[in-house]
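Worksheet: the structure to be examined is printed underneath.
Since every read-out is calculated from the coordinates, none of them should be taken as a lab result. These numbers were taken from a predicted model, which means no experiment stands behind them. A quick note on method: Cβ atoms are made from the backbone with ideal geometry, for glycine too, and the neighbour counts reach across all protein chains shown.
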Amino acid sequence: MWTDHHPGAALPELFATGGDTVSFAGGLPDLEALPLRTLSSQVSRLMGLGGRLTLQYTTTRVAPSLVPAIRDLMGREGASATSEQLVPTTGSQMGLLAVALGVGAPGDPVLLPTPAYPGAAAAFRTAGMEPRALPEDADGPDPAALYETVRTLRADGRNPRLLYCNPTFRNPTGATIPTPRRRELLAAAADLELLVVEDNPYGLLAFDGSTTPALHALDPERVIYLGTFSKVFAPGLRCGWIAAPEHLAPALRRTAEVMTLSPSALSQATIAAFHTRHGWDDLLDGYRTAYRERCALMADALDAELGPDGPWRFDRPDGGFYLWLRHRDGQDTERLTGPAAAIGVSFVPGSHFGVGREHAGALRLAFSNAPRRRIAEGVCRLAAALAATPAPPARGGDR
């Protein structure tokens, strides 16, 4: 099996904590905003009225009752999809593997702007594909570099067909590709006959409630959109979707059926019932407020602990879950995890977000689920670990 022989297909340990550790590692949502009593009564009602249906196998189609909830979310970023274009998944991670297996081919290069979500590289590698880092500039993936990379690969007999993007509040940097650059990137993809995989868990989590047009909204015939309820509702329900160009939907549906046989009818019904009664506005506002507060606490603490003249730098994100801390001289942050753990703080080293350790001189901090009262304490511990452990520069710096 590919994953037995390719350690790059493994994912970092994100969600384990122990003792007094302040975890900035895993990007868990803050479920305090979720109205659990309301959900409990709704699930009870679903069980009473139709439990034999919602606990049964179902078809590999998004339930008709859930389609309006998906269309509502996608529509907020200008995108749309018919029920025939929607394929149910257990979340974006399954969607990534379904796309890799259903549209890609073993041995194909797949292009990823890095630093990139490590689950994407893992999914592509698990399908036998070869992730290739795509150069960037200040606005994100560089269209000129895309042309050069694809033409070089094709001249060498390699034929990339997929370009992966996490364009809004990207994991791990929190950056968003501006709309003009999105249009340039899609135009280049069209010229090069590439399909674009848009992974969009965070697009509706701008701290100020603003949105950026989804790539799918700008070119729905070229973009395979991966959506999930994990970040805007709850990850434990394991429910998401693919919105695919219509000619690709059947192949992706067949692949999804092989992977899961059936989506969870109970999860789909639970989310659909919530949306029908309450819509998304209040829940999204609650999540945005929580993440805005936590991000400000973390960024303010980093400013206080690391200072403006030190070797560590970061940009304050405008949404999402993450802050990307970079070392000026490319210090290898993998070497800092042990000292940090010893004093009770965790993070994810930057090397997990490259395809060849090209971001080893950075680290990702997740503020989304850190207890508010412990964020400053965790940053104080982190600063002590960063200051106490000098290390040689990482290969390739932090880019």
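A convex hull fitted around the alpha carbon atoms of region 285-333 yields 73 Å³ per residue. Within the chain, antiparallel bridges make up roughly 55 percent of the DSSP beta bridges whose residues both belong there. Comparing Pro250, Pro180, Pro29 in a Gaussian network model of the chain (Cα springs below 10 Å), the most mobile by mean-square fluctuation is Pro180.
Antiparallel beta bridges, as assigned by DSSP with both residues in region 191-282, represent about 50 percent of the total such bridges. Counting every C-alpha pair in region 278-399, the share spaced more than 18 angstrom apart comes to 52%. Only helical runs count toward this figure. For the chain, summing -39,500 (n - 2.57) over DSSP H runs of n ≥ 4 and dividing by all residues gives -12000 deg cm²/dmol at 222 nm. In a solvent-free Debye calculation with one equal scatterer on each Cα, what is log10 I(q)/I(0) for region 135-220 at q = 0.16, 0.19, 0.22, 0.25 Å⁻¹, listed in the order of the q values? Log10 I(q)/I(0), no solvent term: -0.62, -0.85, -1.08, -1.32. Within the listed set Thr276, Thr90, Thr179, the Gaussian network model of the chain (springs between alpha-carbon atoms below 10 Å) gives the highest mean-square fluctuation for Thr276.
Provide Val110, Val43, Val196, Val87 in ascending order of the number of other Cβ atoms located within 10 Å of each residue's Cβ, fewest first.
By the 10 Å Cβ count, ascending: Val43, Val196, Val110, Val87.
For a Förster distance of 30 Å, can you work out the FRET efficiency between the beta-carbons of Thr59 and His278, rounded to the nearest 0.05? Computed FRET efficiency for Thr59 and His278: 0.70. Coupling constants for region 286-301 follow from the phi torsions by the Karplus curve (6.51 cos²θ - 1.76 cosθ + 1.60, θ = phi - 60°), and in residue order they are x, 5, 4, 4, 4, 6, 4, 5, 5, 4, 5, 4, 5, 5, 5, 5 Hz; glycine and proline get x. Placing a label point 7 Å from the Cα of Leu49 along the Cα-to-Cβ direction, the residues of region 279-295 with a backbone N closer than 19 Å are 279-280. Cα-based values for region 58-111, radius of gyration first and Dmax second, are 13.4, 39 Å.
Distances between every pair of Cα atoms in region 57-278, grouped in 5 Å steps from 0 to the bin holding the largest one, split as 1, 7, 16, 20, 21, 17, 10, 5, 2, 1, 0, 0 percent. The HN-Hα couplings worked out from phi for region 341-354 by the Karplus form 6.51 cos²θ - 1.76 cosθ + 1.60 (θ = phi - 60°) are 4, 5, 10, x, 8, 10, 8, 10, x, x, 4, 5, 9, x Hz, whole numbers, x standing for Gly and Pro.
Restricting attention to region 57-278, close to 40% of DSSP beta bridges with both partner residues there are antiparallel.
Could you give me D for region 34-136, from Stokes-Einstein at 25 °C and 0.890 mPa s, where the hydrodynamic radius is the Kirkwood radius over C-alpha pairs? Units µm² s⁻¹, please.
Estimated via Stokes-Einstein, D reaches 146 µm²/s.
Potential lengthening of the chain between Asp309 and Thr38 amounts to 92.6 nm, from the contour at 0.36 nm per residue minus the alpha-carbon distance. Take every pair of alpha-carbon atoms less than 8 Å apart whose residues are at least six positions apart; their mean separation over the length of region 287-399 yields a relative contact order of 33 percent. Distance from the C-alpha centroid of region 70-123 to that of region 230-250: 8 Å, rounded to the whole angstrom. In this calculation the C-beta distance from Ala144 to Glu257 is compared with R0 = 30 Å, giving a FRET efficiency of 0.15. For Thr89, the residues whose amide H sits under 5 Å from its own are Gly240, Trp241, Ile242, ignoring neighbours fewer than 5 places away on the same chain, with H placed 1.01 Å from N. The label-point distance for Leu31 and Ser80, in a model that sets each label 7 Å from Cα toward Cβ, rounds to 3.5 nm. Between Gly319 and residues 5 or more places away or on another chain, which pairs have amide H atoms under 5 Å apart, with H built 1.01 Å from N, and which residues are they? Hits under the 5 Å cutoff: Phe207. For the options Leu252, Leu53, Leu111, a Gaussian network treatment of the chain with springs between C-alpha atoms closer than 10 Å singles out Leu53 as fluctuating the most.
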